[in-house]
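Asks: There's a structure below that I have some questions on.
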Amino acid sequence: MLIRRRRGYEIPESQVTPEHLVVNRRALMGAGAALLPSAALAQQASGPVPPLPEHQRNLRYRPEREITPEREATTYNNFYEFGTSKNIVREASRMPMRPWTIQVDGMVAKPATYGVDDLIRLLPIEERIYRLRCVEAWAMTVPWTGFQLSELLKLVEPTANARYVSFTTAQLPAVMPGLRQSWYPWPHVEGCSIAEAMNELTFMPVGMYGKPLLAQNGGPFRVVFPWKYGFKSGKSVVRITLTDRRPENFWFKIQPSEYGFWANVNPEVAHPRWSQATERLLGSGERVPTRIFNGYGEFVAGLYTNMQRERLWA
Ligand SMILES: Nc1nc2c(c(=O)[nH]1)N[C@H]1C(S)=C(S)[C@@H](COP(=O)(O)O)O[C@H]1N2
Ligand SMILES: [Mo]
């Protein structure tokens, strides 16, 4: 069912993936000595993670690319709480995944705290294959299992004054060595407008490749906005808050000139330090053209009409 085709523009991988922040990398090296070796971190017990219930693939969201090999998607990760390298699997594997609760609060009629397994039981889960485009210009195509955020929001009933949704991710100092890098504005908070949250594409994965979501990919529960740069897709979410104020997101606080609130993918708007015209596919290493809204314009372009004065692209 996957569409496989050869592309005329295939070129050998030659470009090194740029890093988010040259400045902070330097700061990091200076502070490296202050980091404890991970073996010294307290280990925490995790309850068992049940397998995912039976579910179907939703064919409405066409990958238009080969699925990234599972091994690549689960071993090349961006998760600063565990470290700034792309190789954080070992650190992430120490994160306790059960019990895991998600608090949904703010401007809602029925605030609630759910166990992740309760949500998996309560809401219709399905598989969707989405492309994910990191602002650093690498990309992957992943079969996520989860539910639409709009289904969860229906349970809590947002009030009429709710205009934004913020996602707060886990802050577990005992297992997250990255939190000791105190110049980062922890916890990782991301946000979107209520219209974006209600859009059918906004997805809350609890699984990947048919299995429960691994810690390094944001297990047990994350958000994915496939039309935005990857930094908007917060991992290991513990709280979802409806608000009337635009949330200040993590990367915006670090470098507002490079990482805006909307952060929609656009090949024609370069990052201040590199082009966004093409992207490197994890696995094959192939370089392919980037598409506006990461190829999801038919679903989301309408969200941004009459917003020309906003900085929509990154
Ligand atoms: N909590 C948290 N969420 C995060 C990040 C992070 O460092 N911390 N990195 C983001 C970035 S920059 C990207 S590209 C994606 C990467 O997701 P992946 O490792 O599953 O590919 O997660 C996003 N979510
Ligand atoms: Mo990213």
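The values are calculated or read from the model by the stated rules, or taken from the named source; none is laboratory data. Nothing here was measured: the structure is a model prediction, and the numbers come from that model. Virtual Cβ from ideal backbone geometry, glycine too; neighbours counted across all protein chains shown. Side chains are part of the model used for accessible areas, which takes the heavy atoms of the whole protein and leaves out ligands, DNA and RNA. Shrake-Rupley method; radii C 1.70, N 1.55, O 1.52, S 1.80 Å.
Asks: For segment 140-189, build the convex hull from the C-alpha positions and give me its volume per residue in Å³.
Replies: Hull volume normalised by residue count: 175 Å³.
Asks: Compute a Gaussian network model of the chain, connecting alpha carbons closer than 10 Å, and tell me which residue from Ser233, Ser182, Ser257 fluctuates the most.
Replies: Among Ser233, Ser182, Ser257, the largest mean-square fluctuation in the Gaussian network model of the chain belongs to Ser182.
Asks: Mind putting a number on the dipole of segment 21-304 about its Cα centre? Charges go on the C-beta only, +1 for Lys and Arg and -1 for Asp and Glu, and I need it in Debye to the nearest 20.
Replies: Using only the charged Cβ atoms, the result is roughly 520 debye.
Asks: Let me ask something additional. Pop out the ³J(HN,Hα) list for segment 130-145 in order, Karplus 6.51 cos²θ - 1.76 cosθ + 1.60 with θ = phi - 60°, rounded to Hz; leave Gly and Pro as x.
Replies: The phi angles translate into 10, 8, 10, 10, 6, 4, 7, 6, 10, 8, 9, 10, 10, x, 8, 10 Hz.
Asks: Report the accessible area of Leu281, computed with a 1.4 Å probe over the heavy atoms of all protein chains in place, in Å² rounded to the nearest 10.
Replies: Leu281 exposes around 20 Å² with every protein chain in place.
Asks: Then there's this: Please list, in order along segment 79-90, the HN-Hα scalar couplings obtained from phi with the Karplus expression 6.51 cos²θ - 1.76 cosθ + 1.60 (θ = phi - 60°), rounded to whole Hz, x for Gly and Pro.
Replies: So the Karplus estimates, Gly and Pro as x, are 7, 4, 4, 9, x, 8, 7, 8, 10, 10, 4, 5 Hz.
Asks: Then there's this: Using a 10 angstrom cutoff on alpha carbons, build the Gaussian network for the chain and name the most mobile of Gln181, Gln103, Gln255.
Replies: Between Gln181, Gln103, Gln255, it is Gln255 that shows the largest mean-square fluctuation.
Asks: Amide H neighbours of Glu64 under 5 Å, counting only residues 5+ apart in sequence or on other chains, H built in-plane at 1.01 Å?
Replies: Ile3
Asks: Here's a follow-up. For His271, list long-range residues whose amide hydrogen, built 1.01 Å from N in the peptide plane, is under 5 Å from its own amide hydrogen.
Replies: Placed amide hydrogens put Gln276 under 5 Å from His271.
Asks: On to the next question. For segment 229-314, with only Lys/Arg (+1) and Asp/Glu (-1) charged at the beta-carbon, what is the dipole magnitude about the Cα centre, in debye rounded to 20?
Replies: 260 debye
Asks: With an 8 Å Cα cut-off and a minimum separation of 6 or more residues, compute the relative contact order for segment 89-235 in percent.
Replies: Relative contact order of segment 89-235: 27 percent.
Asks: Find the Rg to Rh ratio for segment 21-304, where Rh is the Kirkwood radius over alpha-carbon pairs and Rg uses the same atoms.
Replies: Ratio of gyration radius to Kirkwood radius for segment 21-304: 0.94.
Asks: Another question, if that's okay. In whole angstrom, note down how far apart the Cα centers of segment 121-169 and segment 219-262 are.
Replies: Centre-to-centre (Cα) distance: 11 Å.
Asks: If contacts are Cα pairs under 8 angstrom and at least 6 residues apart, what is the relative contact order of the chain in percent?
Replies: 21 percent
Asks: Over the chain, give the accessible area per residue in Å² for a 1.4 Å probe, as an integer.
Replies: Spelled out: the 1.4 Å probe surface of the chain, per residue, equals 45 Å².
Asks: Could I ask something else about it? Restricting to the chain, compute how many DSSP beta bridges are antiparallel as a %, nearest 5.
Replies: Taking every DSSP beta bridge with both residues in the chain, the antiparallel ones total about 85 percent.
Asks: How large is the helix-only mean residue ellipticity at 222 nm for the chain, computed as the sum of -39500 (n - 2.57) over DSSP H runs with n ≥ 4, divided by its residue count, in deg cm²/dmol to the nearest 500?
Replies: Here the helix-only value at 222 nm equals -3500 deg cm²/dmol.
Asks: Cut-off 10 angstrom, C-alpha nodes, Gaussian network model of the chain. Which of Ala139, Ala197, Ala109 fluctuates the most?
Replies: Ala109
Asks: Lysines within cross-link reach of Lys154: Cα-Cα under 27 Å, excluding same-chain residues under 8 positions apart?
Replies: Of all the lysines, those that pass the test against Lys154 - Cα under 27 Å, at least 8 places apart if same chain - are Lys110, Lys211, Lys228, Lys232, Lys235.
Asks: Residue farthest toward the positive end of the dipole of segment 21-304, with Cβ of Lys/Arg at +1 and Asp/Glu at -1: which of Ser233, Ile254, Leu201?
Replies: Going by the charge dipole, the pick is Ile254.
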